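Just below is one structure, and these are the notes that go with it.
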Amino acid sequence: MQSEDLIQWNDFTKIEMRTGTIIGAEIFKEAKKPAYKLSVDFGDYGIKRSSAQITKLYQPEELIGRQVIAVINFPAKQIATLQSECLIMGAVDGDEVTLLGTDRPVKNGLRIG
């Protein structure tokens with residue numbers, strides 16, 4: 001990693017990564033690339049919607065109840081017909097994305113740090 005790629009601690013603390021539970025998942029037919037529309041419960045931070053290109057490894061029905069990590073303080077982004085309100089975190093290997101989550105259930109909305 002080059003020194004110009006490094007961020008300051010203050011930059012990291014601005015990122016609101018929080019725990020949430022997927023409460024809705026459906027095929028996002030209008031998306032250009034295969035994706036799902038997700039609704040995620042972040043506890044005190046509310047329910048937020050997102051588009052996630054995770055169709056290679058997951059089916060919609062198996063996502064319900066799964067706890068994930070997401071960035072919730074990006075500006076909303078229009079993706080086809082969906083206003084995406086958070087970025088679901090995952091490990092990316094080509095076109096396969098493995099969701100990041102907790103190793104045991106925790107309260108929705110907890111900060112990742």
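Where a number appears in this text, it was derived from the coordinates with a stated rule and is not lab data. Only a predicted model underlies this, so the values are computations on that prediction, with no experimental measurement involved. All Cβ positions, glycine included, derive from the backbone under ideal geometry; neighbour counts span all protein chains shown.
Could you work out the relative contact order of the chain? I mean the mean sequence separation of Cα pairs under 8 Å and 6+ apart, divided by the number of residues, in percent.
So the answer I get is 30 percent.
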*Where is the GNM fluctuation largest for the chain (alpha-carbon springs, 10 angstrom cutoff): 80, 91, 35?*
91
_In the chain, if the dipole is taken from +1 on Lys/Arg beta carbons and -1 on Asp/Glu beta carbons about the Cα centre, which of 82, 57, 110 is farthest to the positive end?_
82
_Could you give me D for segment 70-113, from Stokes-Einstein at 20 °C and 1.002 mPa s, where the hydrodynamic radius is the Kirkwood radius over C-alpha pairs? Units µm² s⁻¹, please._
172
*Among 46, 24, 90, determine the one that fluctuates most according to a GNM of the chain built with springs between C-alpha atoms less than 10 Å apart.*
46
*Might you report the magnitude of the Cβ-based charge dipole of segment 16-99 about its Cα centre, with Lys and Arg at +1 and Asp and Glu at -1, to the nearest 20 debye?*
240
*In µm²/s, what is D for segment 1-74 at 25 °C and 0.890 mPa s, where D = kT/(6 pi eta Rh) by Stokes-Einstein and Rh is the Kirkwood radius from Cα pairs?*
176
_Two-decimal log10 I(q)/I(0) for segment 34-83, as the Debye equation yields it once each C-alpha is a single scatterer, q = 0.24, 0.28, 0.30 Å⁻¹_ = -1.07, -1.33, -1.40
*Please list 93-106, 48-61 highest first by mean number of surrounding beta-carbon atoms within 10 Å per residue.*
48-61, 93-106
